[in-house]
Amino acid sequence: MTYEEYLDEITTLLTEIYDLEDAAAIKLVVDAQAADFFVKHDDQEEMRTLEQARKDAVTLFTDKQNKQKTQESQQRRVHQKK
């Protein structure tokens, strides 16, 4: 599949697996793209498989959840110090 089709597949999987709104799924993919998460996928067509798309969707969602939990923990610590 083309690079664009691959990104579309990940976006679709995010909406199907995690019940995300389209805009939220698109934002996750765009943010990952801006952070160069997909550089190898762009260069190596063999990485653009349905199986890899599923793995990448899970990784993107999990990373986002972990980042949110870390931020929440940091905010709680800041409020506790006050």
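Here L20 meets each of (1) surrounded by 11 or more Cβ atoms within 10 Å (Cβ to Cβ); (2) part of a helix (DSSP H, G or I) with one exception, condition (2). Within the range 34-56, the residues that satisfy the criterion of being more than 11 Å from Y6 (Cβ to Cβ) and in a helix (DSSP H, G or I) are A34, V39, K40, D43, E46, E51, R54, K55. When the range 2-11 is limited to residues that are surrounded by 13 or more Cβ atoms within 10 Å (Cβ to Cβ), out of contact with any Asp or Glu (no Cβ under 7 Å at 6 or more places or on another chain) and touching a residue at least 12 places away in the same chain (Cβ under 8 Å), the one that is nearest to D36 (Cα to Cα) turns out to be L7. In the range 56-82, the residues that are without any contact (Cβ under 8 Å) to a residue 24 or more places away in the chain form no Cβ pair under 8 Å with any partner that is among the hydroxyl-bearing types (S, T, Y) and surrounded by 13 or more Cβ atoms within 10 Å (Cβ to Cβ), whether six or more places apart or across chains.
Values quoted throughout were computed directly from the atomic coordinates according to the rules given, and no laboratory measurement underlies them. These figures come from a predicted structure and were not determined experimentally. Neighbour counts are summed over all protein chains in view; Cβ atoms, including those assigned to glycine, are modelled from backbone coordinates with ideal geometry.
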